[in-house]
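The values are calculated or read from the model by the stated rules, or taken from the named source; none is laboratory data. It should be emphasised that the depicted structure is a prediction, and the values quoted were computed from it without experimental measurement. Positions of Cβ are generated from backbone atoms using ideal geometry, with glycine treated the same way; all protein chains shown enter the neighbour counts. Please note that ligands, DNA and RNA were not included when accessible areas were found on the heavy atoms of the full protein model with its side chains. Shrake-Rupley method; radii C 1.70, N 1.55, O 1.52, S 1.80 Å.
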Amino acid sequence: MPQHASRTALITGAASGIGADLAKCFYAAGYKLVLTDRNPPDFLDDFSARSDEVHFVQADLSTESGCEQIVQQGLQQFAAIDVLINNAGFQHICPLESFPLDVWHRMFAVMLTAPLRLTQLVWPGMKHKQWGRIVNIGSIHSQVASPHKVGYTSMKHGLIGLTKTAALEGGPEGITVNAICPAYVRTPLVEQQIAAQAETRGIRPDAVESEVFLKSAATGQMIAPQEISSLVLYLCSEHARSVTGANWNIDCGWTAQ
Ligand code: NAD
């Protein structure tokens, strides 16, 4: 039997980037999966060997009913959700002075309210089992700011507050809650930013990458999604029982400066 065959993981934002890699890594580790995104993933056929152990829910996390639908369907399918990975998010780059309030409200809904609501919905089952793992995908922007990213930076800082509070309340119930705070990971979210900056600055995309995105990276390289998934897998393992309430930077040395 695969190592984690008795565990079910719910992963948000699973159609792209970090979420897609998490889905593949957790599947390979033997987990049953509840995957969710507003777009369908294009890799579900890769899971055909255990297709009855993978359930995809197409839903919009900016609505409460979307969050409820995801957990309801997941529990109908697998009876328990042992691991929750709050990964979905998006970026909007704009000076603070003109940052659109409708975008701010949508960011708040997707990047803070949804992680809280999903945590609330899986919490009773985890408490009942006295076992649970929650990982919130924060960002280097949970620790530091960048100009023109007021929405993203505010939500990602807030996610650390949620992580710490949930860790304190979850501790006595066998539930651990941690955040991972990566610098730039090569995903569609970052590729779009590189293309946009290349246009704004009138320079080549590879110059944007080295001169702008990697300016504060001691390692001089973008992060691969697999580097995030490996840490998430560890945090969800039995061996990480005592690791909770922590912010795990994978930031290429950015915050060491
Ligand atoms: P991505 O754009 O490749 O994937 C994000 C996914 O979230 C998409 O599939 C999108 O459809 C989904 N999503 C967004 N809004 C949604 C909504 N309302 N309802 C349902 N699904 C929704 O981005 P990524 O780079 O893989 O980012 C994943 C997470 O990692 C995000 O929280 C992001 O902030 C964080 N992060 C990314 C980087 C990076 O450099 N790529 C760095 C630090 C943190």
For this session: For n ≥ 4 DSSP H runs only, could you compute -39500 (n - 2.57) per run for the chain, divide by its residues and tell me the 222 nm figure to the nearest 500?
Result: -12500 deg cm²/dmol
Seminar exercise, completed: One computes Rg over Rh for the chain from alpha-carbon atoms, with the Kirkwood Rh, and obtains 0.96
Problem set entry | Distance between region 197-232 and region 32-81 - C-alpha centres, whole angstrom | 31 Å
Exercise. Once amide H atoms are built 1.01 Å from N in the peptide plane, which residues 5 or more positions from R7, or in another chain, come under 5 Å H to H?
Worked result: K32
Problem set entry | When each of K24/K129; K32/K215; K32/K149 is checked by Cα-Cα distance, pairs over 29 Å | K32/K215; K32/K149
For this session: Springs between alpha-carbon atoms under 10 Å, Gaussian network over the chain: tell me which of R186, R204, R117 tops the mean-square fluctuations.
Result: R204
Problem set entry | Where E209, E199, E238, E64 fall by accessible area, highest first, once all protein chains stay in place (1.4 Å) | E199, E64, E238, E209
Exercise. By how many degrees, 0 to 90 and rounded to 10, does the Cα axis of helix 64-78 deviate from the longest principal axis of the chain?
Worked result: 40 degrees
Seminar exercise, completed: To the nearest Å², the heavy-atom accessible area per residue of the chain with 1.4 Å probe amounts to 47 Å²
Problem set entry | the chain - percent of accessible surface contributed by carbon and sulfur, probe 1.4 Å | 53 percent
Problem set entry | the chain: most fluctuating residue of G171, G17, G202 per GNM, C-alpha cutoff 10 Å | G202
For this session: Go through region 137-142 residue by residue and turn each phi into a ³J(HN,Hα) via Karplus (6.51, -1.76, 1.60, θ = phi - 60°); whole Hz please, and just put x for glycine and proline.
Result: 7, x, 6, 4, 7, 7
For this session: May I ask for the angle, rounded to the nearest 10°, between helix 225-235 and the longest principal axis of the chain, with both axes built from Cα atoms and the value confined to 0 to 90°?
Result: 40 degrees
Exercise. GNM on the chain, C-alpha springs below 10 Å: top fluctuator among T200, T153, T165?
Worked result: T200
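Is the shape of region 112-257 best called rounded, prolate or oblate, per the rule: a/c under 1.5 gives rounded, else a/b larger than b/c gives prolate, else oblate, with a ≥ b ≥ c the square roots of the Cα gyration tensor eigenvalues? Write out the running numbers ahead of the final one.
On the way: a/c = 2.62, a/b = 2.11, b/c = 1.24.
Prolate.
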Problem set entry | Magnitude of the charge dipole, the chain, Cβ model with Lys/Arg +1 and Asp/Glu -1, debye to 20 | 520 debye
